[in-house]
Amino acid sequence: MRTRQSVFQDIDWIMVGVYLFLVAFGWMSIYAATYDEAHRAVNDMTQNHGKQMLWIGLSLVIAAAILLFDHRFFETFAYGIYGVSIALLLGVLIVGSEIKGAQSWFVLGPVSFQPSEIAKYGTALALAKYLSQYGARFKERKVLLTSLAIIFFPAALIMLQPDVGSVLVFSTLLIVLYRQGLSGWWFVVALIAVFLFVMALFMKQWTLQLFGDNEIGGTWIFLGALTLIVGAFYYQFRKQKGSLPIFSGGLVAMIGYYLSVDYLFDHLLKPHHQNRINELLGIVSDPLGAGYNVHQSKIAIGSGGFSGKGFLQGTQTKFHFVPEQSTDFIFCTVGEEWGFLGTLVLISAFIFLLGRIIWSSENQRSEFTRNYGYAAAAILFIHFTINIGMAIGLAPVIGIPLPFFSYGGSSLWSFTILLFTFIKLDSERKFVLR
Amino acid sequence: MNNLEQRKFIVISSFVVIAIIFLMRLFYIQVIDDSYVSSADNQALRFVTKYPARGIVYDRNGEILVLNQAAYDLMVVPVLVGEVDTTSICSLLEIEKDAFIERMEQARNFSRYRASIFKKQMTSEEYSRVAERLYQFTGFYGQKRSLRIYPDSIAAHVLGYIGEVNQGHLDKDTFYRSGDFVGISGIERQYETALRGHRGREVLMVDVHNTVQGKYEDGALDVEAKAGENLILSLDLQIQKYGEQLMQNKKGSIVAIEPKTGEVLCLISSPTYDPNLLVGVKRASNYKLLSENDSLDPLFNRALMAKYPPGSIFKIIQSLIGLQDGIISENTGITCNKALVGCHNHPSAQNLRQAIQMSCNPYYHQVFKRLINRGEAKSYFEDSALGLDRWEKQVHRFGLGERLALDLPSLKSGSVPNVELYDRIYGERRWAFSTIYSLSIGQGELEVVPIQMANLAATIANRGYFIDPHLIKEPLSTQSAITWKKHNTGIDDVHFTPIVDAMQWVVDKPGGTARRARIDSIKVCGKTGTAENPHGKDHSVFIAFAPKDDPKIAIAVYVENSGFGGTWAAPISSLIIEKYLNGTIADTAKENRIFRADLISMEDED
Ligand SMILES: [Zn+2]
């Protein structure tokens, strides 16, 4: 065991550097989005960019404070933080304020925050701690079920608000279970489920005209093709024991699921979510309604070209044709003003950061730190994917922020805490006994 | 364990795969697809609504009653309006500077980024003058609309009018958007869903200089507007117009129906107004003038809504019920006993034909008494109640006391009193024939609207049935065919022979009450009536149909405050009948007498 000279000695400064780069780039984009002749001052507190300046300052204070904490704090209080966040989620359902149709905010005077932000962090800590205690025995059914409960209990509470975006975020914590030994086939099953869902929505629009007036619905054509494909696979594996019940059961399950999609779609999703999904899949097109944001966003990004229009030169940005420009659609500003080069740099920076978190997670002696690293990366990854995906029309419009980038104190602080907790834990790796 | 460690590669690879998908997509929309990039420095989407042409309305002979004219809304997107030369734009649009500032403020309050209407419904001439210089003013553009135009300025009450949707329309039907037009009354409202068509849409890209750069995504999001369906009405434009001319300077109404089909040939309420007044920007102020400042209430559709007692005309229904129930025969004679109820001086009716021809009140007093009191119950009161109940049901079968199935909104039902009503007024079974006898001559609690009387004329013309009166002639393709029902009165057709004969005598025989309705070349059957008016001079009423043996037209004419039915209502009816059947008027003196008559200012002189 070594003694150390400074708290900051073993910190991953590269990771901190990427963080600072993203926060600074984000602030510039917010400035560009809100800037106009009347509000040039960078610290103008009536504007988003002025306020964000303040939020960033406070984030740096929080980041420094976390680095000064005792590293054992996080593991010790993991369940405590998780418990508090559950209590807040229950509380917000009772006394929370409704903003944009979801009862998910606490409003205390000028300050408002979403307990789901804390719950993501709390769940990451609690899951990491629970799995580090049982590490090798993940095969036990009880451990798997408890882990799922830790993830989906807060998710279910958030579903009641309702806030679909945050629920999606919790689902990605399954990546942590995957690292612990959860079979990769579950992800394949999930992909098949998404594929069948999309096909079911598509195929019902379509009919094939045969011999004059005889029509065959797209549903039946698709199910016929599915049966043939599964049959062909079965033929390949027919010699293996038990392949008949597996393939036939799988086929029946897929067909049943496929046929129930209509019902699930109509009854589980709210009309505005249905519209967004239909719009994304191109089943309906309504550029004035559900598709408005995405169309304007695509124009803004597309008009940036290869190298962009230059800082503060984005006219789409300046004229605010894209709604939610400094929060959910902040990516447009990057696309318009910095062009493909800018988006390339931004995406690379994110992937570099995520990859580095996973990579250094594997270098940990502490299982807690490793699991926490996977959880933090998963949370950042899903925000990154959904946010940019919706700006370029590849994901449905779900209002979730781009980490470190979007305007808003409460989201910036929670991502800062999420990342710096990992940076702190990582800096202690040499002092942790195996 | 070692194996699981390798999973980091899979996790990191999936991050990278997503990043590559994103970058490929971005490379496509930012670098390869140059449709978003143009030499201009701003590209905004402009959503131009393509308004469908509203359906055109024709009369039964294919003549146009309503068509469309182009108009333009000047739209503004506030955020695109830069430094603007206020003086020159104000002079171009012919508005005051304050008005300009106020409208800009309203537009900004609606949305800074989306278009709102700056100036409504400019005519083509106005707009073409403005359009020439519009390029100087960024943020402004014209949007084509269409307004109604009524070439003959007639049939305002039938056609109705359109106006901008209100919150109620928006809440009830998601089809509508703010600024849309919707039928508010008449045919425009009744057939709104067929007439309105389907809105289209065009998505354009414009630059900061307000110039259209082309279609967004090559028009993939555009939708063509689909014009509304044209309507063919049963109205006869010539007859409608002629009737409106005859009714000038008179209060009242004319309704004519083709008996065999139930098609309404004309529907006139007088005084009327020029429907062109309720079009476009002047609509609100003109509406106010018509509704508030005109004591004659030209917006009120008398033909459908004005309730009058049926008067003597009701004697026809009494006769028919009496014949059907065997209470009287065509040879029944009854003394004119003025002690029962007042009458004019005439020899007593020897038979039913004479009773109708001379319109004898005591005769019907006795007929009604026999209808009501048949000795079916011991109590005189109970007997009257039984009789009234049966009689009321028989009267309903003539289309009285209920709304006819006419395809126009705001139709009134009139009323036929029933046992319940009298029980409420006088106390349960504390009334008898002697209380209600004024019903016998069509007065008392009876109320009808003019179209019900025209429908009665059609029923007699058909000898016992009527078809729901209606205004649409050809079925619509967009709606399931409306079926017009045939209603039987329950009176056998033989009983109509004496009635129809008597109605011919009313017009033809010396001493008939409607000699002024005579037309040499046509056998007209009619019946005069006088609707008692407690507020002034009685209303003149006449119903008729012609020709007697193969009726082509049935009509009811009301002329308010003009006294006896034979004086004004009868000649007006005959002129309509003659014009419809012959196309010309033989007796121009008769026509001129009507044209000259001003019964409204005459009333004021009284
Ligand atoms: Zn008499």
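The values are calculated or read from the model by the stated rules, or taken from the named source; none is laboratory data. Remember, it's a predicted structure, so these values are computed and weren't measured experimentally. Using ideal geometry, Cβ is built from the backbone for each residue, glycine included, and neighbour counts are taken over all protein chains shown.
When the criteria are applied in full, B:Arg201 fails the requirement of being surrounded by fewer than 16 Cβ atoms within 10 Å (Cβ to Cβ) and of a type outside the set (Gly, Ala, Ser). Once the stretch B:320-377 is narrowed to residues that are assigned to a helix (DSSP H, G or I) and of a type in the set (Ser, Thr, Tyr), the residue that is farthest from B:Thr435 (Cα to Cα) is B:Tyr363. Among the residues of the stretch A:323-346, those identified as more than 10 Å from chain B (Cβ to nearest Cβ), in a helix (DSSP H, G or I) and of a type outside the set (A, V, I, L, M, F, W, C) are A:Thr333, A:Glu337. Criterion applied to A:Ser406, A:Ser348 was being within 30 Å of B:Asp33 (Cα to Cα) and without any contact (Cβ under 8 Å) to a residue 12 or more places away in the chain, and the one residue passing it is A:Ser348.
Of the residues screened, A:Leu402 is one that is within 14 Å of another protein chain (Cβ to nearest Cβ) and buried (at least 23 other Cβ atoms within 10 Å of the Cβ).
The rows are residues; the columns are (1) in contact with a strand residue (DSSP E or B) (Cβ under 9 Å, 6 or more places away or on another chain); (2) more than 12 Å from the ligand (Cβ to nearest atom); (3) closer than 23 Å to B:Gly464 by Cα; (4) outside the structural domain of B:Phe496 (by TED's automatic domain parsing).
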{"position": "B:Ile313", "(1), (2), (3), (4)": "yes, yes, yes, no"}
{"position": "B:Ile316", "(1), (2), (3), (4)": "yes, yes, yes, no"}
{"position": "B:Ile327", "(1), (2), (3), (4)": "no, yes, yes, no"}
{"position": "B:Glu330", "(1), (2), (3), (4)": "no, yes, yes, no"}
{"position": "B:Lys338", "(1), (2), (3), (4)": "no, no, no, no"}
{"position": "B:Ala355", "(1), (2), (3), (4)": "yes, no, yes, no"}
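Filtered by the rule that a residue be of a type in the set (D, E, K, R) and either more than 7 Å from every other protein chain (Cβ to nearest Cβ) or touching a Phe, Trp or Tyr at 6+ places or on another chain (Cβ under 9 Å) (or both), the stretch B:1-22 gives B:Arg7, B:Lys8.
For the stretch B:265-281, the tally of residues that are assigned to a strand (DSSP E or B) and small (Gly, Ala, Ser) stands at 2.
Looking for something of a type in the set (S, T, N, Q) and either assigned to a loop (DSSP other than H, G, I, E, B) or buried (at least 20 other Cβ atoms within 10 Å of the Cβ) (or both) - is there at least one such residue anywhere in the stretch B:64-73? Working first, answer last.
Applying the first criterion (of a type in the set (S, T, N, Q)) to the stretch B:64-73 yields B:68-69.
Applying the additional criterion that residues be either assigned to a loop (DSSP other than H, G, I, E, B) or buried (at least 20 other Cβ atoms within 10 Å of the Cβ) (or both) yields none.
No: the stretch B:64-73 contains no residue that is of a type in the set (S, T, N, Q) and either assigned to a loop (DSSP other than H, G, I, E, B) or buried (at least 20 other Cβ atoms within 10 Å of the Cβ) (or both).
Checked against (1) within 15 Å of the ligand (Cβ to nearest atom); (2) not assigned by TED's automatic domain parsing to the domain that holds B:Ser413, B:Tyr364 meets all criteria but (2). Counting only residues that are buried (at least 22 other Cβ atoms within 10 Å of the Cβ) and either over 32 Å from the mean Cα position of the chain (by Cα) or not in a helix (DSSP H, G or I) (or both), the stretch B:497-512 holds 4 of them.
Name the residue, out of A:Ala378, A:Ala349, that is facing chain B (nearest Cβ under 9 Å) and either part of a helix (DSSP H, G or I) or buried (at least 24 other Cβ atoms within 10 Å of the Cβ) (or both).
A:Ala378
If the requirement is being at pLDDT 85 or above, within 10 Å of chain A (Cβ to nearest Cβ) and within 17 Å of A:Gly302 (Cβ to Cβ), which of these qualifies: B:Leu26, B:Leu45? Testing whether each residue is at pLDDT 85 or above, within 10 Å of chain A (Cβ to nearest Cβ) and within 17 Å of A:Gly302 (Cβ to Cβ) leaves just B:Leu26.
In this structure, is B:Glu382 acidic (Asp, Glu) and not in a helix (DSSP H, G or I)?
Working: acidic (Asp, Glu): yes; not in a helix (DSSP H, G or I): no.
No; evaluated as a whole, the condition is false for this residue.
Here is the figure for the stretch B:94-128: residues that are closer than 23 Å to B:Gln69 by Cβ and exposed (fewer than 14 other Cβ atoms within 10 Å of the Cβ) total 4. Only strands (runs of 3 or more DSSP E) whose full extent lies in the stretch B:147-256 are considered here, and the ones with at least 3 residues that are touching a Lys or Arg at 6+ places or on another chain (Cβ under 7 Å) are B:200-206.
Only residues that are surrounded by 15 or more Cβ atoms within 10 Å (Cβ to Cβ) and assigned to a helix (DSSP H, G or I) were counted across the stretch B:132-146, and they come to 1.
Look through A:Ala156, A:Ala65 and report the one residue that is of a type in the set (Gly, Ala, Ser), surrounded by fewer than 16 Cβ atoms within 10 Å (Cβ to Cβ), modelled with pLDDT of 85 or more and within 24 Å of A:Phe381 (Cβ to Cβ). Please lay out each step first, then the result.
Values: A:Ala65 fails: within 24 Å of A:Phe381 (Cβ to Cβ).
Checking each option against the conditions leaves just A:Ala156.
Could you check the stretch A:112-164 and list, in sequence order, the residues that are free of Cβ contacts under 8 Å to residues at least 12 places away in the same chain and among the basic types (Lys, Arg)? Within the stretch A:112-164, A:Arg137, A:Arg141, A:Lys142 meet the criteria.
Each row is one residue, and each column tells you yes or no for (1) charged (D, E, K, R); (2) under 22 Å from B:Phe9 (Cα atoms).
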site: A:Ser132; (1), (2): no, yes
site: A:Lys139; (1), (2): yes, yes
site: A:Ser147; (1), (2): no, no
site: A:Ser166; (1), (2): no, no
site: A:Ser171; (1), (2): no, yes
site: A:Gln180; (1), (2): no, yes
site: A:Trp185; (1), (2): no, yes
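Can you pull out the helices (runs of 4 or more DSSP H) entirely within the stretch B:533-606 that have at least 2 residues that are more than 30 Å from B:Tyr465 (Cα to Cα)? It would help to see each step written out before you state the result.
On the way: elements: B:569-582, B:588-596, B:599-605.
Filter on the stretch B:533-606 gives B:588-596, B:599-605.
In the stretch B:569-582, the residues that are in contact (Cβ under 8 Å) with a residue 12 or more places away in the chain reach residues that are among the acidic types (Asp, Glu) with C-beta atoms within less than 8 angstrom, at least six apart or across chains, in these pairs: B:Leu575/B:Glu591; B:Tyr580/B:Asp236.
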